[in-house]
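Visitor: Submitted below is the structure of interest, expressed as structure tokens.
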Amino acid sequence: MDRFIIKGGRRLKGHVDISGAKNAALPIMAGALLAGGPSLVLRVPRLADINHMSQLLSELGVDVSRTDSDALRLEVKDESSSHARYDLVRKMRASVCVLGPMLAKRGEARVAMPGGCAIGSRPIDLHLRGLRALGAQIELEGGDVVAKAKKLTGASIFLGGPFGSTVLGTANVMMAAVLAKGTTVIESAACEPEVADLAAYLNSMGAKIRGAGTPRLTIEGVSELRGAQHEVIPDRIEAGTFMVAAALTNGEVKLSHCCLDHMLAVTDKLHEIGVIVEQADGGAVVASARHLEPTDVSTQPYPGFPTDLQAQLTTLLCLADGNSAITEKIFPDRFMHVAELMRMGADIRKEGPTAIVTGVKRLVGAPVMASDLRASASLVLAGLVARGETAVHRVYHIDRGYEQIEKKLQPLGAGIERLAE
Ligand code: EPU
């Protein structure tokens, strides 16, 4: 297990290229199960989660290969297996999004039921409700979800749950509905850009999806889909993480392949805190005068402030001049970073799903433990600004979702090194 050693206090300056979005690439890869021919997906980041999805798809008869550093070619060769094993699903929850396409294309799917994870309990009841509405018969057998349907039929489906819309649930039901007989309407669909990107890929394969990016999707079923070429959208969470890094270190960083249009809630909050984010040809420039104002923020489904940037924003607000309240409305228990940040001198009090952060003058380096992907990112950020040395252990969590983050931080002037444990 690798760890990062970070020498804090260096100002970040320079340029960073943002990778394609993990959370768009994963369901798009699963979407390739629906096609009759090869697909070429461009700007697929090199991440542990992408490797897990490639392995899962290979077991499901898909030939997956990297044609160059950022392109993946996917072609279905054998449709005889439809079992996503617990071993793989356990490693990566997004494996669940093979359920919809396998059911639609192969008439059956057996997918291990994902358990909870470090960010809390993560049910899939809405996925199953949507697939049942399309006519699937679904049972739970030995910890696997077993779904069967000779032919799916379009239906009107309300997909809202207690915490709002569901990203992968929408992806699953949408991928099942594209091959269903007749028209499907999904109401309370997730509006995340990653869902819209999946819809764009499916449409280029011949699907008929309207309303992507809005809460109401209308899908006219078609009889077959062909392979297609598609470029994955930029990763707004990686971009937001680098924006916070620039802000924390009083730096000035230019981000290319950064779509500010997907980040309004984030840039609006950063402006309120005193961080300058400006559009610059094909990307953005971020600068900060290092006087950070406190603020209140609640995570929300898109277009609200993303839960996947909550931990990173918490680190930023640790150094603001006053009290901030951060409320987690998507995953109320997603606060594993708090105790670790406190080891570095942060002043944070938890009250239910809210963290009350009182700004401190400085953070101090310490050994800390990464617990999940975004929590780990928040600890790396803290290390970049802390006085002295920070060791972030278990960085395999961060490798799941950030493409060699240390290699992107080093040219900006960060003192970060990866060591084998
Ligand atoms: N929910 C239900 N029932 C369901 C599905 C979800 O109650 O059937 C609840 C969840 O418990 C949660 C809320 O609905 O409270 C939203 O969950 P959602 O289904 O949208 O999450 P997800 O699709 O499993 C994706 C991202 C997560 C991101 C969330 C929220 C991928 C691969 N994962 O997960 O990304 O936090 O949407 O935006 O797209 C990450 O990248 O670090 C990450 C965790």
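Each reported figure results from applying straightforward, stated rules to the coordinates on display, with no laboratory input. None of these values were measured; they are calculated from a predicted model. Cβ coordinates were reconstructed from backbone atoms using ideal geometry, including for glycine residues, and neighbour counts include every protein chain displayed.
Visitor: Find the helices (runs of 4 or more DSSP H) located wholly in the range 145-261 whose residues include 1 or more that are in contact with an Asp or Glu (Cβ under 7 Å, 6 or more places away or on another chain) and more than 16 Å from the ligand (Cβ to nearest atom), and list them.
Guide: Helices (runs of 4 or more DSSP H) meeting the threshold: 236-248.
Visitor: In the range 294-308, what count of residues is obtained for those that are under 16 Å from Asp235 (Cβ atoms) and buried (at least 22 other Cβ atoms within 10 Å of the Cβ)?
Guide: 2
Visitor: Quick test of your reading of the structure: Leu140 fulfils all but one of (1) among the aliphatic types (A, V, I, L, M); (2) part of a loop (DSSP other than H, G, I, E, B); (3) surrounded by fewer than 18 Cβ atoms within 10 Å (Cβ to Cβ). Name the failing condition by number.
Guide: The one condition Leu140 does not meet is (2).
Visitor: Kindly provide the set of residues from the range 252-268 that are in contact with a strand residue (DSSP E or B) (Cβ under 8 Å, 6 or more places away or on another chain) and of a type in the set (D, E, K, R), ordered by number.
Guide: If the condition is that a residue be in contact with a strand residue (DSSP E or B) (Cβ under 8 Å, 6 or more places away or on another chain) and of a type in the set (D, E, K, R), then Glu252, Lys254 are the ones that fit.
Visitor: With respect to Lys77, determine if the residue is over 29 Å from Ser223 (Cα atoms) and away from the ligand (no atom under 15 Å from the Cβ).
Guide: no
Visitor: Condition first: surrounded by 22 or more Cβ atoms within 10 Å (Cβ to Cβ), in a strand (DSSP E or B), in contact with an Asp or Glu (Cβ under 9 Å, 6 or more places away or on another chain) and of a type in the set (A, V, I, L, M, F, W, C). Can you find one or more residues in the range 395-415 that meet it?
Guide: no
Visitor: Ok, one more. Given the options Glu187, Glu141, Glu194, name the one that is among the charged types (D, E, K, R) and either within 15 Å of Gly31 (Cβ to Cβ) or in contact (Cβ under 8 Å) with a residue 40 or more places away in the chain (or both).
Guide: Glu194
Visitor: What strands (runs of 3 or more DSSP E) completely inside the range 1-118 contain at least 1 residues that are hydroxyl-bearing (Ser, Thr, Tyr) and surrounded by fewer than 17 Cβ atoms within 10 Å (Cβ to Cβ)?
Guide: Those strands (runs of 3 or more DSSP E) span 62-68.
Visitor: Quickly run through the range 127-137 and pick out the residues that are within 13 Å of the ligand (Cβ to nearest atom) and crowded, with 23+ Cβ neighbours inside 10 Å.
Guide: Matches in the range 127-137: His127, Gly130, Leu131.
Visitor: If we scan the range 380-399, do we find a residue that is of a type outside the set (A, V, I, L, M) and closer than 19 Å to Leu270 by Cβ?
Guide: no
Visitor: May I ask you to say which residue of Cys318, Cys259 is in contact (Cβ under 8 Å) with a residue 12 or more places away in the chain and closer than 22 Å to Arg43 by Cβ?
Guide: Selected residue: Cys259, the only one of Cys318, Cys259 that is in contact (Cβ under 8 Å) with a residue 12 or more places away in the chain and closer than 22 Å to Arg43 by Cβ.
Visitor: Suppose we filter Ala177, Ala155 for residues that are under 17 Å from Ile219 (Cα atoms) and in contact with a helix residue (DSSP H, G or I) (Cβ under 6 Å, 6 or more places away or on another chain); which single one remains?
Guide: Ala155
Visitor: Something else: Within the bounds of the range 401-413, is there any residue that is under 24 Å from Asp333 (Cα atoms) and of a type outside the set (A, V, I, L, M, F, W, C)?
Guide: yes
Visitor: Another one. Return yes when Ala377 is surrounded by 20 or more Cβ atoms within 10 Å (Cβ to Cβ) and out of contact with any Asp or Glu (no Cβ under 7 Å at 6 or more places or on another chain) and no when it is not.
Guide: Yes; evaluated as a whole, the condition is true for this residue.
Visitor: In addition: Does Glu238 satisfy being touching a residue at least 60 places away in the same chain (Cβ under 8 Å) and under 27 Å from Val178 (Cα atoms)?
Guide: no
Visitor: Could you give every pair whose Cβ atoms fall below 6 Å, whose first residue belongs to the range 18-34 and is in contact (Cβ under 8 Å) with a residue 24 or more places away in the chain and more than 10 Å from the ligand (Cβ to nearest atom), and whose second residue is outside any helix (DSSP H, G or I) and small (Gly, Ala, Ser), counting only separations of at least 6 or pairs across chains?
Guide: Every condition considered, the pairs that remain are Ala32/Ser39.
Visitor: What is the residue count in the range 3-56 for residues that are charged (D, E, K, R) and more than 28 Å from Asn250 (Cβ to Cβ)?
Guide: Counting residues in the range 3-56 that are charged (D, E, K, R) and more than 28 Å from Asn250 (Cβ to Cβ) gives 4.
Visitor: Residues being farther than 22 Å from Phe158 by Cα, of a type in the set (Gly, Ala, Ser) and either surrounded by 15 or more Cβ atoms within 10 Å (Cβ to Cβ) or in contact with a Pro (Cβ under 6 Å, 6 or more places away or on another chain) (or both): count how many of those fall in the range 201-226.
Guide: Adding up the residues that qualify gives 2.
Visitor: In addition: Any idea which residue in the range 262-284 is surrounded by the fewest Cβ atoms within 10 Å (Cβ to Cβ), counting only those that are part of a loop (DSSP other than H, G, I, E, B) and in contact (Cβ under 8 Å) with a residue 12 or more places away in the chain?
Guide: Gly282
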